[in-house]
Amino acid sequence: MNQLSVNLPGLHLKNPIMPSSGTFGFGERHMGKFDYNILGAIIIKSTTSQARTGNPEPTYHQLDTGILNAIGLKNPGVDVIVNEKLPALKDFDTPVIASVAGNTTAEFVEVTKKLCQSPYVKALELNVSCPNVAEGGLTFGSNPESVRSMTEAVKKVATVPVYVKLTPNVTDIVAIAQAAEQGGADGISMINTFSSMAIDLETRKPILSNKTGGLSGPGIKPIAIRMIYQVSRAVSIPIIGMGGVSTVDDVLEMIIAGASAVAIGTAQYNNPLVCKELIEGLPIRMKELGIESIEGLIKEVKEGRLNEN
Ligand SMILES: Cc1cc2nc3c(=O)[nH]c(=O)nc-3n(C[C@H](O)[C@H](O)[C@H](O)COP(=O)(O)O)c2cc1C
């Protein structure tokens with residue numbers, strides 16, 4: 001067993017670090033800046049059935065504690081992703097997790113079928129922070145029954161493991177995670193951004209053209225840690241954790257909270273080399289803390305959890 005490696009459904013990770021969906025594009029932006037072979041995995045930008053142009057500018061606002069973004073699900077559509085974007089990653093020995101999005105369960109199913117035809121996709125992440133058109137535009141992810149039935153529908157057609165990515169914009173995230181597990185999810189990915197707003201004092205109007213956007217970055221980390229801690233005690237499937245992670249200590253904190261791997265969003269968006277720096281820094285900090293391996297730490301945390309109950 002390698003000191004940093006982690007095995008999850010469908011994924012043999014060389015280490016627990018990966019860029020999160022939407023902050024690494026389809027890998028093209030940073031190709032050549034560092035060797036993608038070092039990454040635990042790559043989660044690509046969310047994919048819809050047809051191309052989407054995203055929201056009009058401004059879609060980004062920098063805060064002291066993170067960023068607000070309303071980029072939306074800007075992507076070239078699943079056919080271009082399967083035929084052009086995924087093959088561009090074929091030379092890397094790094095598992096690719098494709099992110100599925102849509103406005104109906106039928107769209108999630110269609111995108112899943114197409115992504116599963118690509119030999120380069122090793123797992124799927126369902127971005128359930130999407131408006132459910134059939135239910136008046138409320139996000140799929142805010143209703144346990146929608147999450148359960150959508151996961152079930154996707155699992156029927158998926159040929160790779162399915163991770164359901166939870167939105168934190170809910171009253172009871174544990175109920176949503178349990179619904180995903182009941183629907184057959186192989187893992188949970190959490191958390192997506194917090195619905196937020198910032199106002200310009202001069203114009204007296206919201207700064208983002210979309211008015212609201214998603215808050216991410218260091219300011220959300222304590223909430224992500226709390227949610228991962230609670231969900232890890234309520235489901236038996238593994239969690240890919242994310243939310244405000246930017247340092248090696250944040251990575252270890254998230255694993256101790258209950259995650260089995262960690263995705264980096266805002267920090268990745270701001271610094272293309274952050275994953276490389278974290279992967280290099282992890283063994284040094286582990287040695288200082290007497291942590292022999294990531295798998296060992298995950299096991300220790302799990303056993304501690306069982307003893308609590
Ligand atoms: C610019 C930007 C674009 C994002 N796009 C997506 C996306 O397409 N799909 C998705 O599931 N999450 C998306 N996210 C959410 C991140 O993957 C991540 O879940 C969230 O930002 C929390 O992690 P962080 O605090 O490390 O950024 C995006 C986040 C940012 C900052």
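The values are calculated or read from the model by the stated rules, or taken from the named source; none is laboratory data. What you are looking at is a predicted structure, and each value in this text was computed from that prediction instead of being measured. Heads up, the Cβs are rebuilt from the backbone with ideal geometry, glycines too, and the neighbour counts pull from every protein chain shown. The accessibility values were calculated without ligands, DNA or RNA, using every heavy atom of the protein model including side chains. Shrake-Rupley method; radii C 1.70, N 1.55, O 1.52, S 1.80 Å.
Side notes on the structure shown:
- Beta bridges by DSSP in the chain, antiparallel share as percent, to the nearest 5: 40
- Rounded to whole Hz, the Karplus (6.51, -1.76, 1.60) HN-Hα couplings of the range 41-48, x for glycine and proline: 6, 10, 9, 8, 4, 4, 10, 10
- Cross-link reach list, lysines versus LYS85, counting only Cα pairs under 17 Å and skipping chain neighbours closer than eight places: LYS45, LYS74, LYS113, LYS114, LYS122
- Tensor-based shape of the range 32-79 (alpha-carbon gyration tensor, a/c under 1.5 rounded, otherwise prolate or oblate): oblate
- Shape call, the range 71-122: gyration tensor on alpha carbons, a/c limit 1.5: prolate
- Here the Kirkwood formula puts the hydrodynamic radius of the chain at 19.3 Å, using every distinct Cα pair.
- Mean Cα-pair separation over length for the range 88-230, i.e. relative contact order, pairs under 8 Å, 6 or more apart, %: 18
- Once exposed loop GluC sites (Glu not before Pro) are cut out (DSSP; at most 13 other Cβ, 10 Å), longest piece of the chain: 1-201
- Here GLU300 and HIS30 are evaluated by their C-beta separation; at R0 = 45 Å the FRET efficiency comes out at 0.85.
- Cα-based convex hull volume of the range 182-309 per residue, rounded to whole Å³: 142
- Prolate/oblate/rounded call for the range 4-161, Cα gyration tensor, a/c under 1.5 rounded: oblate
- SER149 - accessible surface, heavy atoms, 1.4 Å probe, Å² rounded to 10: 50
- Note: relative contact order over the chain, using C-alpha pairs below 8 Å and six or more positions apart, is 20 percent.
- DSSP-loop trypsin sites (Lys or Arg not before Pro) across the range 167-249, with at most 10 other Cβ within 10 angstrom: ARG204
- Farthest positive-ward along the chain dipole, Cα basis, beta-carbon charges - from ILE199, ALA224, SER149: SER149
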